[in-house]
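Take a look at the structure set out below.
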Amino acid sequence: MDIFIDFTNGLILAIADALGWLIDLLPDSPTSTWSNVAPENIVLGHITWFIPFPTMLLHFGILLTCIALYYGYRVVARWLKLVRS
């Protein structure tokens, strides 16, 4: 039984090493330099304090995701004849 466990552990370690090597081949994040290039805009910070654009965009994205899931569910349900119209 120990041979099977050792073989399984070795296989998992080999897969982890191979995946780590593949991930190391990928380049660094292309967006990491954007935060260093963008200047501080104090006026934009004040505007977003009164009108929270980032939060509004987040909620709009959640709303669109829910709508897309609803219509996707309806299509699948129609294919399976769960919903009539």
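The values are calculated or read from the model by the stated rules, or taken from the named source; none is laboratory data. All of these numbers come straight from a predicted model, not from anything done at the bench. Glycine also receives a Cβ, built like all others from the backbone with ideal geometry; neighbour counts cover every protein chain displayed.
Worth a mention:
- Filtered residue count, region 28-85, keeping only those that are of a type outside the set (S, T, N, Q), part of a loop (DSSP other than H, G, I, E, B) and at pLDDT 70 or above: 6
- Test for residue 5: is it modelled with pLDDT of 85 or more and loosely packed, with under 10 Cβ neighbours inside 10 Å: yes
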